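The values are calculated or read from the model by the stated rules, or taken from the named source; none is laboratory data. Just so it is clear, the structure is predicted and the values come from calculations on it, not from any experiment. No Cβ is skipped: glycine too gets one built from the backbone with ideal geometry, and neighbour counts run over all protein chains shown. Quick note on the areas: whole protein, heavy atoms, side chains included, nothing else; ligands and nucleic acids left out. Shrake-Rupley method; radii C 1.70, N 1.55, O 1.52, S 1.80 Å.
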Amino acid sequence: MEYRTLGRTGLRVSAVALGCEGFMEKSAEEVCADFDFAIARGINFVDIYSPNPQLRENIGAALEGRRGNFIIQGHLCTVWEEDQYLRTRDPEKTRASFETQLQQLRTDYLDIGMIHYIDAEEDFRRVFDGEILRHARRLRSEGRIRALGISSHNPKVARMAVESGEVDVVMFSINPAYDLQPAGDDVDALWAEESYARALHNIDPERESLYELCERRGVGIDVMKVYGGGDLLSETNSPFGRALTPVQCLEYALTRPGVAAVMVGCRSRGEIAAALAWCTAPAGERDYAPVLQGLERFTWQGHCMYCGHCAPCTAGIDIAAVNKFYNLTVAEEGLPETVREHYRTLRHHASECVACGACETRCPFGVEIIAAMRRAAERFGY
Ligand code: SF4
Ligand code: SF4
């Protein structure tokens with residue numbers, strides 16, 4: 001298992017992590033067996049957005065005696081009413097639901113408390129200017145949540161949260177299909193056919209700059225909807241006309257800047273294993289480029305997707321990493337210290353490029369890598 005630091009929280013999370021939706025409708029014994037299976041393979045991180053009492057109690061029981069070694073991301077502003085999940089902005093209900101959540105999970109703190117599902121800018125302002133944020137801050141100062149985050153599908157809103165300086169973590173929907181869609185507050189529109197008629201021909205700059213902003217500011221991203229609700233795994237439903245594998249979907253998300261973990265909703269141990277296959281998959285199996293490239297509609301042309309397809313470099317340069325660090329500096333006036341430090345630790349630097357051109361013939365997205373190495377060498381000084 002690969003462990004990554006979740007931004008400035010300092011938490012070391014497994015890159016492959018669990019969503020909670022796969023545990024619905026299961027018995028306590030089944031949930032416990034699933035956690036045994038996942039933990040034995042190195043998973044240490046779960047997102048629990050659902051307020052379903054049975055689900056929370058089953059997960060609480062499954063983590064009994066091993067809570068300290070496991071990282072729980074719970075959500076504020078979800079309640080269970082009339083046997084249903086409901087999002088709320090009612091401070092009283094939010095307070096009560098938080099207390100119940102801790103009891104059900106058999107714990108006295110959440111490692112991360114997410115303010116649940118803010119997609120509309122108006123909703124963001126109401127939450128961040130009001131009692132919900134004050135409540136979240138209080139919980140953090142009492143140590144009952146250790147870090148604060150929000151979940152969102154809208155890059156504009158996620159950016160507002162990051163720029164507020166209040167959040168340490170963003171849970172965001174990332175997959176190559178959503179990345180083609182401009183920002184909006186209607187999550188259902190992300191997959192609507194008419195949206196694809198208007199879809200961008202390349203990655204949406206607002207999404208891309210959100211990921212870069214998070215990395216620069218030390219805000220960790222964990223990913224939801226990595227399979228686009230399963231549609232990307234289906235040849236019929238995938239907008240690329242070809243199915244991606246779970247490994248390719250995970251690789252895409254885990255190669256975006258700022259991303260520490262993918263929360264995969266798995267209904268069975270087989271599905272957990274399919275996600276875990278990412279950990280040991282060779283580069284060829286992780287490579288998502290063949291699915292994205294060569295489609296008339298989506299060009300991605302000239303745009304580094306951090307896919308690593310160009311490796312190996314004659315001079316040993318990690319080209320994807322150099323491109324990523326360079327891109328992280330573009331929106332900034334100076335050179336951010338963290339980026340400069342990350343660049344320094346690379347074994348080989350852009351200035352070592354001998355302009356052999358071998359990489360360019362392998363890049364499926366037509367990136368002019370020699371020129372990119374030259375630009376990076378100028379920017380970083382070596
Ligand atoms: S330069 Fe091309 S092949 Fe290399 S990581 Fe970027 S997109 Fe992939
Ligand atoms: S052109 Fe430069 S970056 Fe590309 S393989 Fe050759 S040395 Fe490496």
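Some values worked out for this structure:
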{"quantity": "Single match in Gly42, Gly68, Gly22 (criterion: in a helix (DSSP H, G or I) and within 22 Å of the chain's Cα centre (by Cα))", "calculated": "Gly22"}
{"quantity": "Helices (runs of 4 or more DSSP H) within the range 207-297 that include 3 or more residues under 19 Å from Tyr3 (Cα atoms), at pLDDT 85 or above and in contact with a strand residue (DSSP E or B) (Cβ under 9 Å, 6 or more places away or on another chain)", "calculated": "246-254, 269-280"}
{"quantity": "Leu180, sole failed condition from (1) open to solvent by less than 10 Å² (accessible area, probe 1.4 Å); (2) closer than 30 Å to Cys32 by Cβ; (3) at pLDDT below 95", "calculated": "(2)"}
{"quantity": "Meets criteria (at pLDDT 90 or above and more than 14 Å from ligand 2 (Cβ to nearest atom)) for Glu378", "calculated": "yes"}
{"quantity": "Residues satisfying the stated conditions in the range 355-375, i.e. more than 27 Å from Leu335 (Cα to Cα) and modelled with pLDDT of 95 or more", "calculated": "Cys356"}
{"quantity": "Helices (runs of 4 or more DSSP H) within the range 302-376 that include 1 or more residues open to solvent by 30 Å² or more (accessible area, probe 1.4 Å) and either more than 20 Å from Arg207 (Cβ to Cβ) or in the same structural domain as Gly218 (by TED's automatic domain parsing) (or both)", "calculated": "337-344, 358-362"}
{"quantity": "Residue in the range 342-360 that is within 16 Å of ligand 2 (Cβ to nearest atom) and among the acidic types (Asp, Glu) present", "calculated": "yes"}
{"quantity": "Among (1) closer than 23 Å to Lys225 by Cβ; (2) buried (at least 21 other Cβ atoms within 10 Å of the Cβ) - the single one Gly60 does not satisfy", "calculated": "(1)"}
{"quantity": "Search result, residues across the range 157-174 that are farther than 21 Å from Leu254 by Cα, open to solvent by 10 Å² or more (accessible area, probe 1.4 Å) and assigned to a helix (DSSP H, G or I)", "calculated": "Met160, Glu163, Ser164"}
{"quantity": "Evaluation of Gly74 against (1) farther than 23 Å from Asp108 by Cβ; (2) touching a Gly at 6+ places or on another chain (Cβ under 7 Å); (3) not hydroxyl-bearing (Ser, Thr, Tyr) (one fails), failing number", "calculated": "(1)"}
{"quantity": "Out of Leu102, Leu148, sole residue that is crowded, with 16+ Cβ neighbours inside 10 Å and not in a strand (DSSP E or B)", "calculated": "Leu102"}
{"quantity": "Where a residue in the range 104-133 is of a type in the set (Ser, Thr, Tyr) and its partner, wherever it lies, is open to solvent by less than 20 Å² (accessible area, probe 1.4 Å), with Cβ under 6 Å and at least six apart", "calculated": "Tyr117/Ser151"}
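Conditions (1) small (Gly, Ala, Ser); (2) touching a strand residue (DSSP E or B) at 6+ places or on another chain (Cβ under 9 Å), marked per residue:
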| site | (1), (2) |
| --- | --- |
| Ala136 | yes, yes |
| Ser141 | yes, no |
| Ala147 | yes, yes |
| Ile150 | no, yes |
| Ser164 | yes, no |
